[in-house]
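The values are calculated or read from the model by the stated rules, or taken from the named source; none is laboratory data. Because the structure is predicted, anything quoted here is derived from the model rather than measured. Neighbour counts run over all protein chains shown; Cβ positions are idealised from the backbone, glycine included.
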(Lines give C-alpha, C1' and ligand atoms only; values in the text may rest on other atoms or scores of the structure.)
Protein backbone atom coordinates (compact mmCIF):
# COMPACT_ATOMS: atom_id res chain seq x y z
CA UNK A 1 0.00 0.00 0.00
CA UNK A 2 2.84 2.34 0.89
CA UNK A 3 4.59 1.56 -2.41
CA UNK A 4 1.42 2.37 -4.36
CA UNK A 5 1.10 5.70 -2.57
CA UNK A 6 4.74 6.50 -3.30
CA UNK A 7 4.25 5.73 -7.02
CA UNK A 8 1.19 7.96 -7.13
CA UNK A 9 3.08 10.71 -5.35
CA UNK A 10 6.01 10.48 -7.78
CA UNK A 11 3.65 10.50 -10.76
CA UNK A 12 1.81 13.47 -9.30
CA UNK A 13 5.06 15.37 -8.81
CA UNK A 14 6.33 14.58 -12.31
CA UNK A 15 3.09 15.95 -13.72
CA UNK A 16 4.10 19.39 -12.49
CA UNK A 17 7.39 19.40 -14.38
CA UNK A 18 7.12 17.22 -17.47
CA UNK A 19 4.44 19.15 -19.34
CA UNK A 20 6.94 20.85 -21.72
CA UNK A 21 8.18 17.49 -23.06
CA UNK A 22 5.55 16.90 -25.80
CA UNK A 23 6.05 20.40 -27.23
CA UNK A 24 9.84 20.30 -26.93
CA UNK A 25 9.98 16.86 -28.59
CA UNK A 26 7.81 18.10 -31.47
CA UNK A 27 9.87 21.25 -31.94
CA UNK A 28 13.17 19.38 -31.83
CA UNK A 29 11.90 16.76 -34.28
CA UNK A 30 10.95 19.38 -36.86
CA UNK A 31 14.30 21.16 -36.57
CA UNK A 32 16.40 18.01 -36.63
CA UNK A 33 14.46 16.30 -39.42
CA UNK A 34 14.67 19.40 -41.60
CA UNK A 35 18.12 18.12 -42.54
CA UNK A 36 16.65 14.76 -43.62
CA UNK A 37 13.63 15.50 -45.85
CA UNK A 38 13.88 11.99 -47.29
CA UNK A 39 13.06 10.51 -43.89
CA UNK A 40 10.21 12.95 -43.32
CA UNK A 41 8.83 12.08 -46.76
CA UNK A 42 8.92 8.30 -46.45
CA UNK A 43 8.27 7.79 -42.74
CA UNK A 44 5.98 10.66 -41.86
CA UNK A 45 4.33 12.42 -44.83
CA UNK A 46 3.56 9.25 -46.78
CA UNK A 47 2.84 7.02 -43.79
CA UNK A 48 2.22 8.30 -40.27
CA UNK A 49 0.59 11.55 -41.40
CA UNK A 50 -1.78 9.71 -43.73
CA UNK A 51 -2.73 7.18 -41.05
CA UNK A 52 -3.57 10.02 -38.67
CA UNK A 53 -5.04 12.61 -41.04
CA UNK A 54 -7.07 10.35 -43.32
CA UNK A 55 -9.66 9.13 -40.79
CA UNK A 56 -9.83 12.53 -39.11
CA UNK A 57 -10.46 14.40 -42.37
CA UNK A 58 -13.14 11.85 -43.29
CA UNK A 59 -14.95 12.43 -40.00
CA UNK A 60 -14.75 16.23 -40.09
CA UNK A 61 -15.94 16.23 -43.72
CA UNK A 62 -19.15 14.56 -42.62
CA UNK A 63 -20.06 17.71 -40.69
CA UNK A 64 -21.64 20.18 -43.15
CA UNK A 65 -20.41 23.32 -41.39
CA UNK A 66 -16.98 24.60 -40.42
CA UNK A 67 -15.91 23.17 -37.09
CA UNK A 68 -13.09 25.70 -37.03
CA UNK A 69 -15.55 28.56 -37.30
CA UNK A 70 -17.76 27.02 -34.61
CA UNK A 71 -14.76 26.76 -32.29
CA UNK A 72 -13.89 30.41 -32.88
CA UNK A 73 -17.45 31.67 -32.43
CA UNK A 74 -18.44 29.55 -29.44
CA UNK A 75 -15.03 28.89 -27.96
CA UNK A 76 -14.59 32.38 -26.52
CA UNK A 77 -17.94 32.50 -24.69
CA UNK A 78 -17.44 28.91 -23.48
CA UNK A 79 -14.05 29.77 -22.01
CA UNK A 80 -15.56 32.76 -20.23
CA UNK A 81 -18.35 30.62 -18.75
CA UNK A 82 -15.88 27.98 -17.60
CA UNK A 83 -13.64 30.66 -16.13
CA UNK A 84 -16.54 32.10 -14.13
CA UNK A 85 -17.43 28.65 -12.83
CA UNK A 86 -13.80 28.07 -11.90
CA UNK A 87 -13.56 31.41 -10.08
CA UNK A 88 -16.68 30.56 -8.06
CA UNK A 89 -15.16 27.24 -7.09
CA UNK A 90 -11.85 28.94 -6.31
CA UNK A 91 -13.57 31.28 -3.85
CA UNK A 92 -14.73 28.23 -1.90
CA UNK A 93 -11.30 26.64 -1.70
CA UNK A 94 -9.09 26.93 1.36
CA UNK A 95 -5.88 26.21 -0.59
CA UNK A 96 -6.47 28.67 -3.41
CA UNK A 97 -2.85 28.70 -4.58
CA UNK A 98 -2.80 24.94 -5.12
CA UNK A 99 -6.17 25.02 -6.88
CA UNK A 100 -4.93 27.71 -9.27
CA UNK A 101 -1.67 25.86 -9.87
CA UNK A 102 -3.57 22.74 -10.88
CA UNK A 103 -5.50 24.72 -13.49
CA UNK A 104 -2.29 26.18 -14.89
CA UNK A 105 -0.79 22.69 -15.06
CA UNK A 106 -3.82 21.38 -16.96
CA UNK A 107 -3.65 24.29 -19.41
CA UNK A 108 0.08 23.80 -19.89
CA UNK A 109 -0.33 20.09 -20.63
CA UNK A 110 -3.19 20.80 -23.05
CA UNK A 111 -1.17 23.37 -25.00
CA UNK A 112 1.90 21.16 -25.08
CA UNK A 113 -0.03 18.17 -26.41
CA UNK A 114 -1.88 20.40 -28.91
CA UNK A 115 1.48 21.59 -30.27
CA UNK A 116 2.61 17.98 -30.65
CA UNK A 117 -0.63 17.21 -32.52
CA UNK A 118 -0.04 20.25 -34.75
CA UNK A 119 3.42 18.96 -35.66
CA UNK A 120 2.13 15.49 -36.44
CA UNK A 121 -0.77 16.79 -38.56
CA UNK A 122 1.01 19.66 -40.30
CA UNK A 123 4.24 21.07 -38.90
CA UNK A 124 6.52 18.16 -39.81
CA UNK A 125 5.31 18.35 -43.40
CA UNK A 126 7.19 21.62 -43.77
CA UNK A 127 10.33 19.47 -43.63
CA UNK A 128 9.30 16.93 -46.30
CA UNK A 129 10.95 16.69 -49.72
CA UNK A 130 10.21 19.67 -51.99
CA UNK A 131 7.51 19.15 -54.60
CA UNK A 132 10.03 20.08 -57.28
CA UNK A 133 12.01 16.97 -56.34
CA UNK A 134 9.07 14.65 -55.69
CA UNK A 135 7.39 15.57 -58.97
CA UNK A 136 10.69 15.80 -60.89
CA UNK A 137 10.10 19.41 -61.93
CA UNK A 138 13.12 21.22 -63.44
CA UNK A 139 13.14 24.29 -61.19
CA UNK A 140 15.98 26.67 -62.07
CA UNK A 141 16.75 30.30 -62.79
CA UNK A 142 15.05 31.47 -65.95
CA UNK A 143 15.35 34.37 -68.33
CA UNK A 144 12.62 36.97 -68.69
CA UNK A 145 11.82 35.48 -72.10
CA UNK A 146 10.89 32.15 -70.46
CA UNK A 147 8.70 33.95 -67.96
CA UNK A 148 6.99 35.89 -70.76
CA UNK A 149 6.39 32.74 -72.81
CA UNK A 150 4.74 30.95 -69.89
CA UNK A 151 2.69 34.00 -68.95
CA UNK A 152 1.51 34.32 -72.54
CA UNK A 153 0.37 30.68 -72.59
CA UNK A 154 -1.41 31.02 -69.25
CA UNK A 155 -3.23 34.17 -70.34
CA UNK A 156 -4.22 32.54 -73.62
CA UNK A 157 -5.61 29.47 -71.89
CA UNK A 158 -7.42 31.58 -69.28
CA UNK A 159 -9.07 33.51 -72.12
CA UNK A 160 -10.20 30.24 -73.72
CA UNK A 161 -11.65 28.93 -70.46
CA UNK A 162 -13.32 32.26 -69.71
CA UNK A 163 -15.56 31.62 -72.73
CA UNK A 164 -16.70 28.33 -71.20
CA UNK A 165 -17.86 29.65 -67.80
CA UNK A 166 -21.01 31.43 -66.70
CA UNK A 167 -21.55 35.10 -65.85
CA UNK A 168 -23.93 37.07 -63.67
CA UNK A 169 -26.00 40.02 -64.88
CA UNK A 170 -22.94 42.30 -64.59
CA UNK A 171 -20.83 40.09 -66.80
CA UNK A 172 -18.76 38.81 -63.86
CA UNK A 173 -17.84 35.15 -63.42
CA UNK A 174 -20.17 33.00 -61.35
CA UNK A 175 -19.85 29.37 -60.31
CA UNK A 176 -21.94 27.03 -62.44
CA UNK A 177 -22.59 24.67 -59.50
CA UNK A 178 -22.97 27.36 -56.87
CA UNK A 179 -20.61 27.71 -53.94
CA UNK A 180 -21.65 24.60 -52.00
CA UNK A 181 -21.74 22.42 -55.11
CA UNK A 182 -18.27 23.63 -56.04
CA UNK A 183 -16.82 22.89 -52.61
CA UNK A 184 -18.47 19.48 -52.50
CA UNK A 185 -16.83 18.38 -55.77
CA UNK A 186 -13.42 20.04 -55.31
CA UNK A 187 -11.56 16.93 -54.16
CA UNK A 188 -12.55 15.13 -57.37
CA UNK A 189 -9.82 17.12 -59.11
CA UNK A 190 -7.26 15.53 -56.78
CA UNK A 191 -8.66 12.07 -57.48
CA UNK A 192 -8.23 12.65 -61.22
CA UNK A 193 -4.71 14.06 -60.85
CA UNK A 194 -3.67 11.17 -58.57
CA UNK A 195 -3.65 8.82 -61.58
CA UNK A 196 -0.56 10.67 -62.80
CA UNK A 197 0.67 11.92 -59.42
CA UNK A 198 0.05 9.23 -56.75
CA UNK A 199 1.27 11.52 -53.95
CA UNK A 200 -1.96 13.48 -54.38
CA UNK A 201 -4.17 10.51 -53.58
CA UNK A 202 -6.53 10.56 -50.63
CA UNK A 203 -10.13 10.09 -49.66
CA UNK A 204 -12.88 12.50 -50.71
CA UNK A 205 -13.33 15.51 -48.49
CA UNK A 206 -15.30 18.74 -48.52
CA UNK A 207 -13.75 22.15 -47.86
CA UNK A 208 -16.04 24.18 -45.59
CA UNK A 209 -17.50 27.56 -46.48
CA UNK A 210 -17.21 29.98 -43.57
CA UNK A 211 -20.51 31.68 -42.71
CA UNK A 212 -18.80 34.78 -41.32
CA UNK A 213 -16.70 35.17 -44.45
CA UNK A 214 -17.48 38.86 -44.94
CA UNK A 215 -16.05 39.69 -41.53
CA UNK A 216 -13.16 37.32 -42.17
CA UNK A 217 -12.24 39.31 -45.28
CA UNK A 218 -10.94 42.11 -43.05
CA UNK A 219 -7.93 39.85 -42.43
CA UNK A 220 -7.26 39.60 -46.16
CA UNK A 221 -7.37 35.80 -45.94
CA UNK A 222 -9.24 33.66 -48.46
CA UNK A 223 -8.57 30.21 -47.03
CA UNK A 224 -7.48 28.52 -43.82
CA UNK A 225 -6.34 25.00 -42.94
CA UNK A 226 -7.01 23.83 -39.39
CA UNK A 227 -4.45 21.06 -38.75
CA UNK A 228 -5.97 19.76 -35.51
CA UNK A 229 -9.18 18.97 -37.41
CA UNK A 230 -7.60 18.37 -40.84
CA UNK A 231 -10.24 20.79 -42.07
CA UNK A 232 -10.09 23.13 -45.07
CA UNK A 233 -11.92 26.43 -44.67
CA UNK A 234 -12.78 28.77 -47.53
CA UNK A 235 -13.89 32.40 -47.61
CA UNK A 236 -17.13 32.30 -49.63
CA UNK A 237 -17.80 36.04 -49.63
CA UNK A 238 -15.01 36.80 -52.11
CA UNK A 239 -15.54 37.11 -55.89
CA UNK A 240 -16.39 33.62 -57.03
CA UNK A 241 -13.59 33.17 -59.57
CA UNK A 242 -11.08 32.70 -56.74
CA UNK A 243 -13.06 30.14 -54.73
CA UNK A 244 -12.12 26.98 -56.71
CA UNK A 245 -8.41 27.82 -56.55
CA UNK A 246 -8.61 28.52 -52.81
CA UNK A 247 -10.45 25.25 -52.15
CA UNK A 248 -7.84 23.26 -54.06
CA UNK A 249 -5.05 25.09 -52.23
CA UNK A 250 -6.47 24.15 -48.83
CA UNK A 251 -7.02 20.54 -49.88
CA UNK A 252 -3.30 20.34 -50.67
CA UNK A 253 -2.60 20.89 -46.97
CA UNK A 254 -4.85 17.97 -46.06
CA UNK A 255 -2.76 15.84 -48.42
CA UNK A 256 0.37 16.69 -46.43
CA UNK A 257 1.80 19.58 -48.45
CA UNK A 258 2.40 22.32 -45.92
CA UNK A 259 4.47 24.86 -47.84
CA UNK A 260 2.32 27.66 -49.26
CA UNK A 261 4.10 27.91 -52.61
CA UNK A 262 3.68 24.17 -53.16
CA UNK A 263 0.03 24.19 -52.11
CA UNK A 264 -0.52 27.00 -54.61
CA UNK A 265 1.15 25.02 -57.37
CA UNK A 266 -0.83 21.87 -56.56
CA UNK A 267 -4.03 23.90 -56.74
CA UNK A 268 -2.95 24.94 -60.24
CA UNK A 269 -2.00 21.40 -61.23
CA UNK A 270 -5.14 19.67 -59.94
CA UNK A 271 -7.44 22.38 -61.28
CA UNK A 272 -6.36 21.45 -64.79
CA UNK A 273 -7.57 17.88 -64.18
CA UNK A 274 -11.08 18.95 -63.21
CA UNK A 275 -14.02 18.20 -65.48
CA UNK A 276 -15.50 21.53 -64.41
CA UNK A 277 -14.16 24.53 -66.41
CA UNK A 278 -14.72 26.73 -63.36
CA UNK A 279 -11.74 25.10 -61.67
CA UNK A 280 -9.44 25.27 -64.69
CA UNK A 281 -10.28 28.94 -65.26
CA UNK A 282 -9.77 29.80 -61.60
CA UNK A 283 -6.31 28.22 -61.35
CA UNK A 284 -5.17 29.45 -64.77
CA UNK A 285 -6.14 33.00 -63.93
CA UNK A 286 -4.40 32.78 -60.56
CA UNK A 287 -1.20 31.42 -62.12
CA UNK A 288 -1.34 33.96 -64.95
CA UNK A 289 -1.60 36.88 -62.52
CA UNK A 290 1.29 35.65 -60.37
CA UNK A 291 3.45 35.05 -63.44
CA UNK A 292 2.59 38.48 -64.84
CA UNK A 293 3.51 40.09 -61.52
CA UNK A 294 6.86 38.32 -61.60
CA UNK A 295 7.38 39.41 -65.20
CA UNK A 296 6.59 43.04 -64.34
CA UNK A 297 9.42 42.95 -61.82
CA UNK A 298 12.04 42.03 -64.43
CA UNK A 299 10.82 43.27 -67.81
CA UNK A 300 8.03 45.85 -68.01
CA UNK A 301 7.92 45.85 -71.81
CA UNK A 302 7.31 42.11 -71.98
CA UNK A 303 4.79 42.40 -69.15
CA UNK A 304 2.75 45.00 -71.02
CA UNK A 305 2.89 42.96 -74.22
CA UNK A 306 1.32 39.97 -72.45
CA UNK A 307 -1.02 41.79 -70.05
CA UNK A 308 -2.76 43.57 -72.91
CA UNK A 309 -3.99 40.15 -74.09
CA UNK A 310 -6.20 39.67 -71.03
CA UNK A 311 -9.75 39.35 -72.33
CA UNK A 312 -12.69 41.59 -71.46
CA UNK A 313 -14.30 38.91 -69.30
CA UNK A 314 -11.13 38.48 -67.27
CA UNK A 315 -10.84 42.24 -66.83
CA UNK A 316 -14.39 42.40 -65.48
CA UNK A 317 -13.53 39.65 -63.00
CA UNK A 318 -10.37 41.45 -61.90
CA UNK A 319 -12.20 44.76 -61.53
CA UNK A 320 -14.82 43.06 -59.32
CA UNK A 321 -12.04 41.53 -57.22
CA UNK A 322 -10.25 44.87 -56.83
CA UNK A 323 -13.46 46.61 -55.74
CA UNK A 324 -14.20 43.85 -53.25
CA UNK A 325 -10.84 43.82 -51.49
CA UNK A 326 -10.53 47.61 -51.48
CA UNK A 327 -13.24 47.88 -48.82
CA UNK A 328 -11.28 45.73 -46.36
CA UNK A 329 -7.95 47.55 -46.43
CA UNK A 330 -6.79 48.72 -43.02
CA UNK A 331 -4.96 47.82 -39.80
CA UNK A 332 -6.68 44.46 -39.32
CA UNK A 333 -5.39 43.22 -42.67
CA UNK A 334 -1.91 44.56 -41.94
CA UNK A 335 -1.82 42.84 -38.55
CA UNK A 336 -3.08 39.59 -40.11
CA UNK A 337 -0.27 39.70 -42.67
CA UNK A 338 2.33 40.15 -39.92
CA UNK A 339 0.92 37.23 -37.93
CA UNK A 340 0.88 35.01 -41.02
CA UNK A 341 4.43 36.06 -41.83
CA UNK A 342 5.63 35.18 -38.33
CA UNK A 343 3.85 31.81 -38.45
CA UNK A 344 5.47 30.85 -41.76
CA UNK A 345 8.92 31.89 -40.61
CA UNK A 346 8.49 29.86 -37.42
CA UNK A 347 7.82 26.79 -39.58
CA UNK A 348 10.93 26.80 -41.75
CA UNK A 349 9.55 29.22 -44.37
CA UNK A 350 12.30 31.81 -44.09
CA UNK A 351 10.81 34.09 -46.73
CA UNK A 352 7.57 34.38 -44.75
CA UNK A 353 4.64 35.52 -46.89
CA UNK A 354 7.03 36.03 -49.80
CA UNK A 355 7.13 32.24 -50.13
CA UNK A 356 3.88 32.45 -52.11
CA UNK A 357 5.89 33.90 -54.99
CA UNK A 358 7.95 30.74 -55.44
CA UNK A 359 4.86 29.06 -56.86
CA UNK A 360 5.78 30.75 -60.15
CA UNK A 361 9.03 28.76 -60.31
CA UNK A 362 7.05 25.54 -60.07
CA UNK A 363 4.62 26.63 -62.79
CA UNK A 364 7.53 27.54 -65.06
CA UNK A 365 9.12 24.14 -64.44
CA UNK A 366 5.80 22.37 -65.12
CA UNK A 367 5.39 24.33 -68.36
CA UNK A 368 8.86 23.29 -69.52
CA UNK A 369 8.20 19.68 -68.56
CA UNK A 370 4.89 19.53 -70.45
CA UNK A 371 6.34 21.32 -73.45
CA UNK A 372 9.27 18.91 -73.65
CA UNK A 373 6.93 15.92 -73.42
CA UNK A 374 4.62 17.32 -76.08
CA UNK A 375 1.64 17.18 -73.72
CA UNK A 376 1.09 20.89 -73.18
CA UNK A 377 -1.90 21.20 -75.51
CA UNK A 378 -3.71 18.34 -73.76
CA UNK A 379 -2.86 19.50 -70.24
CA UNK A 380 -6.21 21.16 -69.58
CA UNK A 381 -8.97 18.57 -69.50
CA UNK A 382 -11.90 20.95 -69.94
CA UNK A 383 -10.21 22.77 -72.83
CA UNK A 384 -9.36 19.50 -74.55
CA UNK A 385 -12.06 16.97 -73.57
CA UNK A 386 -11.40 13.35 -74.43
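Observations on the structure shown:
- One residue alone among 274, 232 is in a strand (DSSP E or B) and either in contact with a strand residue (DSSP E or B) (Cβ under 6 Å, 6 or more places away or on another chain) or in the same structural domain as residue 166 (by TED's automatic domain parsing) (or both), and that residue is 232.
- Filter result for residue 320 (assigned to a helix (DSSP H, G or I) and modelled with pLDDT of 95 or more): no
- Conditions (1) more than 14 Å from the chain's Cα centre (by Cα); (2) under 30 Å from residue 50 (Cβ atoms): number failed by residue 208: (1)
- The residue pairs whose first member lies in the range 50-62 and is crowded, with 20+ Cβ neighbours inside 10 Å, whose second member is part of a helix (DSSP H, G or I), and whose beta carbons are closer than 7 Å, counting only pairs six or more residues apart or on different chains, are 53/121; 53/254; 57/254; 60/67.
For every residue, the table says whether it meets (1) over 19 Å from residue 367 (Cα atoms); (2) free of Cβ contacts under 8 Å to residues at least 60 places away in the same chain; (3) assigned to a helix (DSSP H, G or I).
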{"residue": "154", "(1), (2), (3)": "no, no, yes"}
{"residue": "158", "(1), (2), (3)": "no, no, yes"}
{"residue": "161", "(1), (2), (3)": "no, no, yes"}
{"residue": "180", "(1), (2), (3)": "yes, yes, yes"}
{"residue": "183", "(1), (2), (3)": "yes, no, yes"}
{"residue": "191", "(1), (2), (3)": "yes, yes, yes"}
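- Of all residues in the range 197-229 being in contact with a helix residue (DSSP H, G or I) (Cβ under 7 Å, 6 or more places away or on another chain), more than 17 Å from residue 46 (Cβ to Cβ) and part of a helix (DSSP H, G or I), the one that is modelled with the lowest pLDDT: 219
- Residue 249 being crowded, with 23+ Cβ neighbours inside 10 Å, outside any loop (DSSP other than H, G, I, E, B), assigned by TED's automatic domain parsing to the domain that holds residue 291 and more than 15 Å from the chain's Cα centre (by Cα): no
Per-residue answers, yes or no, for (1) more than 18 Å from residue 256 (Cβ to Cβ); (2) assigned by TED's automatic domain parsing to the domain that holds residue 212:
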residue	(1), (2)
56	no, no
67	yes, no
74	yes, no
120	no, no
138	yes, yes
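- Residue within the range 114-127 that is within 20 Å of the chain's Cα centre (by Cα), within 30 Å of residue 180 (Cα to Cα) and not in a helix (DSSP H, G or I) present: yes
- Taking the listed residues 333, 370, the one that is farther than 21 Å from residue 164 by Cα, part of a helix (DSSP H, G or I) and modelled with pLDDT under 85 is 333, with no other qualifying.
Let's see how each residue does on (1) modelled with pLDDT under 95; (2) at positive phi; (3) within 23 Å of the chain's Cα centre (by Cα):
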{"position": "157", "(1), (2), (3)": "no, no, no"}
{"position": "161", "(1), (2), (3)": "no, no, no"}
{"position": "172", "(1), (2), (3)": "no, no, no"}
{"position": "178", "(1), (2), (3)": "no, yes, yes"}
{"position": "181", "(1), (2), (3)": "no, no, yes"}
{"position": "195", "(1), (2), (3)": "yes, no, yes"}
